[in-house]
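Remarks on the structure that follows.
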Amino acid sequence: MKKTFIFSALLLANVAQAQEEVLAETMPFYQDKTFLMLAGGALLLIVILIVKKVVDNKSYQEEENNEDSNL
């Protein structure tokens with residue numbers, strides 16, 4: 001019983017010591033290449049969708065104007 005108590009105390013001391021170690025510093029998320037690629041891709045997709053919507057809207061208006069002039 002005494003041996004298990006000593007063993008658990010030593011094990012707890014090792015775990016506590018391991019938790020005190022300082023982790024390596026990480027760079028901020030906005031400097032991470034993966035984040036920048038995802039954000040850039042999202043912005044590119046938004047721009048493409050806006051341009052597509054504008055072009056479709058213009059072509060739809062031109063079709064309406066052509067139909068009105070044919071009448």
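Structure summary
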{"quantity": "Any hit, the range 3-11, residues being at negative phi, at pLDDT below 80 and not in a helix (DSSP H, G or I)", "calculated": "no"}
{"quantity": "From 26, 34, residue being part of a helix (DSSP H, G or I) and at pLDDT below 95", "calculated": "34"}
{"quantity": "Count of residues meeting criterion [open to solvent by 90 Å² or more (accessible area, probe 1.4 Å) and aromatic (Phe, Trp, Tyr)] in the range 33-59", "calculated": "0"}
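The values are calculated or read from the model by the stated rules, or taken from the named source; none is laboratory data. All figures in this text were calculated on a predicted structure; none of them were measured in a lab. SASA here: full protein model, heavy atoms, side chains in, ligands and nucleic acids out. Shrake-Rupley method; radii C 1.70, N 1.55, O 1.52, S 1.80 Å.
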